[in-house]
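Undergrad: Can you read through this structure? Questions will come right after.
The values are calculated or read from the model by the stated rules, or taken from the named source; none is laboratory data. Note that the structure is a prediction, hence the values are computed from the model and not measured. Note: ideal-geometry Cβ built from the backbone for every residue, glycine included; neighbour counts use all protein chains shown. Calculation scope for accessible area: heavy atoms of the full protein, side chains included, ligands and nucleic acids excluded. Shrake-Rupley method; radii C 1.70, N 1.55, O 1.52, S 1.80 Å.
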Amino acid sequence: MTSVSESSRASRADRTRRTLLHGLHSRWTAPLAIWAASRVVSTVLLATVFVLATANGWPFASHRQDPSFFTFSGSWDASFYRTIAEHGYPSSLPTDAAGHVQPNPWAFLPVFPAVVRALMTVTGGSFWVVGVVVSTLAGAAACIVLYRLVLAVGCSHRARWATALFAFAPTGFLLQVAYAESTLLLLVFAGLLALVRRRYWLVGVFGVVAAFTKPGVLALAVALAVHLVVRWTRERRAMPVRDAVTIAVVGVVVAAAGLAWPVVASVVTGRPDAYLDTELSWWVGYIGRQHFAPLTPWFVMAGTWLGPVGIGLVVVVLLGAVWFFRRRDVRALGPEVLGFTASYALYLVAVFLPQQSLPRLLMPMAPLLGSDVFVRTRRRAVTWLLVGVGLQPVAIVLLWFLGYP
């Protein structure tokens, strides 16, 4: 009897060990393997384009004083992050001869350059090298958290493919360039995962930090509100009042943090509309000088470039978005994911001028990649994966040489 009992215990211990190892594999090594493979693809593509551009003297959107692969990976507006990391924010806004505000660092939030600055001080590295390292590590962590988020609201099949489609997307190279995208994605995915797991104070921590990383975190406050309504409706009297109060407080804190940066810019520069005027300065090349009105930028942009046809195209896109969010498989991802992604999409329509930056600004909506639209079958998922890999070099060429985002 003793040997049977010991054999039984050993068998149970072995099953437990296999279960734990399987869980560790699925939650850590699977997304890390996906991330590593995607970095090989993106690095080869970026390096190839860099070598060709350098050898042929092609002008591209990056620091050219000391050209290297790292400065090439710190392209577009990364120079503003560098200015913030090395010199901070200006106390006055640059203006042209007519007094109009020109593009300046106040359009970029402080978390990413602050992290880079701290590591520059410790390591003695340049902004370009440290910025790429920070972005790459944050991209790895974002893949892990996205995997766990989709796993929490779906299954391992959806989690693996959603992570792969995210990492190999046409904008997948953004997970390793000296830009704030990776950091924001990590914080947003972590906040959503904490919300799904009902760790509300963690949502507040991630949300507040994200609010000073890039704009758009008000969508997380909306997701908290949606979660509160849904949970209250489902549980009614069974829901602890303490939870309801905590969700409400955290939601208010995240919302306040999401609205704080324009106030900070106004106080430091002494101009009430410092942040808004700074943002609008980037619009001039597309639609001229405009007064901002919510929910109009897409229509103004489309009307300026395409006339009535453009207005109609925007309406079609918006109707398509409504249809997408009403799909059963999308709603099956849960009220938290749906609440965040739908409100984030509304935010983009309300305040953002659609141009070449739009693809990277859509990246926080990556949890939707776990829906049937993208991963219902293996064939469908593989097709989307190949599309993403195929479009990534196209995106790199377009964004480095034609339309800097």
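Undergrad: Give the range 163-178 a look and list any residue that's in a helix (DSSP H, G or I), of a type in the set (Phe, Trp, Tyr) and within 14 Å of Leu369 (Cα to Cα), or say none.
TA: Phe166
Undergrad: Within the range 319-369, track down each residue that is of a type in the set (Lys, Arg), assigned to a helix (DSSP H, G or I) and open to solvent by 50 Å² or more (accessible area, probe 1.4 Å). So that I can check it myself, show each step before the final result.
TA: We begin by selecting, within the range 319-369, every residue of a type in the set (Lys, Arg); these are 326-328, 331, 360.
Filter once more, keeping what is assigned to a helix (DSSP H, G or I): 326, 328, 331, 360.
The answer is Arg326, Arg328, Arg331.
Undergrad: Among Val115, Val150, Val177, Val133, which is crowded, with 22+ Cβ neighbours inside 10 Å, touching a helix residue (DSSP H, G or I) at 6+ places or on another chain (Cβ under 9 Å) and at pLDDT 95 or above? First the steps, then the outcome.
TA: On the way: Val115 fails: crowded, with 22+ Cβ neighbours inside 10 Å; Val177 fails: at pLDDT 95 or above; Val133 fails: crowded, with 22+ Cβ neighbours inside 10 Å.
Val150 is the lone residue from the list that is crowded, with 22+ Cβ neighbours inside 10 Å, touching a helix residue (DSSP H, G or I) at 6+ places or on another chain (Cβ under 9 Å) and at pLDDT 95 or above.
Undergrad: Still on this structure: For the range 60-80, indicate whether the set of residues that are basic (Lys, Arg) and either surrounded by fewer than 16 Cβ atoms within 10 Å (Cβ to Cβ) or within 30 Å of Thr377 (Cα to Cα) (or both) is non-empty.
TA: Quick first cut of the range 60-80, residues basic (Lys, Arg) only: 64.
Going one step further and asking which of them are either surrounded by fewer than 16 Cβ atoms within 10 Å (Cβ to Cβ) or within 30 Å of Thr377 (Cα to Cα) (or both), we end up with 64.
Yes, that holds for at least one residue.
Undergrad: Quick one: Leu259 ticks every box in (1) touching a residue at least 24 places away in the same chain (Cβ under 8 Å); (2) under 29 Å from Val226 (Cα atoms); (3) out of contact with any helix residue (DSSP H, G or I) (no Cβ under 8 Å at 6 or more places or on another chain) bar one, so which box is it?
TA: (3)
Undergrad: Could you tell me which of the residues Ala219, Ala257 is small (Gly, Ala, Ser), more than 19 Å from Phe352 (Cβ to Cβ), assigned to a helix (DSSP H, G or I) and under 18 Å from the mean Cα position of the chain (by Cα)? Full working, then the answer.
TA: Working: Ala219 fails: more than 19 Å from Phe352 (Cβ to Cβ).
Exactly one of Ala219, Ala257 is small (Gly, Ala, Ser), more than 19 Å from Phe352 (Cβ to Cβ), assigned to a helix (DSSP H, G or I) and under 18 Å from the mean Cα position of the chain (by Cα), namely Ala257.
Undergrad: Moving to a separate point now. Being without any contact (Cβ under 8 Å) to a residue 24 or more places away in the chain, open to solvent by 60 Å² or more (accessible area, probe 1.4 Å) and either in contact with an Asp or Glu (Cβ under 6 Å, 6 or more places away or on another chain) or more than 24 Å from Arg289 (Cβ to Cβ) (or both) is the filter here; which residues of the range 86-100 pass it?
TA: His87 - this is the single residue of the range 86-100 that is without any contact (Cβ under 8 Å) to a residue 24 or more places away in the chain, open to solvent by 60 Å² or more (accessible area, probe 1.4 Å) and either in contact with an Asp or Glu (Cβ under 6 Å, 6 or more places away or on another chain) or more than 24 Å from Arg289 (Cβ to Cβ) (or both).
Undergrad: Scan the helices (runs of 4 or more DSSP H) fully inside the range 1-97 and keep the ones with 3 or more residues being of a type in the set (Val, Ile, Thr) and modelled with pLDDT of 90 or more. If you could, list the steps in order and put the result at the bottom.
TA: On the way: elements: 2-24, 30-56, 69-72, 78-87.
Helices (runs of 4 or more DSSP H) meeting the threshold: 30-56.
Undergrad: Out of the range 179-212, which residues are part of a helix (DSSP H, G or I), of a type in the set (Ser, Thr, Tyr) and within 13 Å of the chain's Cα centre (by Cα)?
TA: Kept after step one, since they are part of a helix (DSSP H, G or I), are these residues of the range 179-212: 181-196, 200-211.
Next, from what is left, pick out any that are of a type in the set (Ser, Thr, Tyr): 182-183, 200.
Correct list: Ser182, Thr183.
Undergrad: Within the range 222-234, is there a residue that is in a loop (DSSP other than H, G, I, E, B), at negative phi, out of contact with any strand residue (DSSP E or B) (no Cβ under 9 Å at 6 or more places or on another chain) and open to solvent by 10 Å² or more (accessible area, probe 1.4 Å)?
TA: No, every residue in the range 222-234 fails to be in a loop (DSSP other than H, G, I, E, B), at negative phi, out of contact with any strand residue (DSSP E or B) (no Cβ under 9 Å at 6 or more places or on another chain) and open to solvent by 10 Å² or more (accessible area, probe 1.4 Å).
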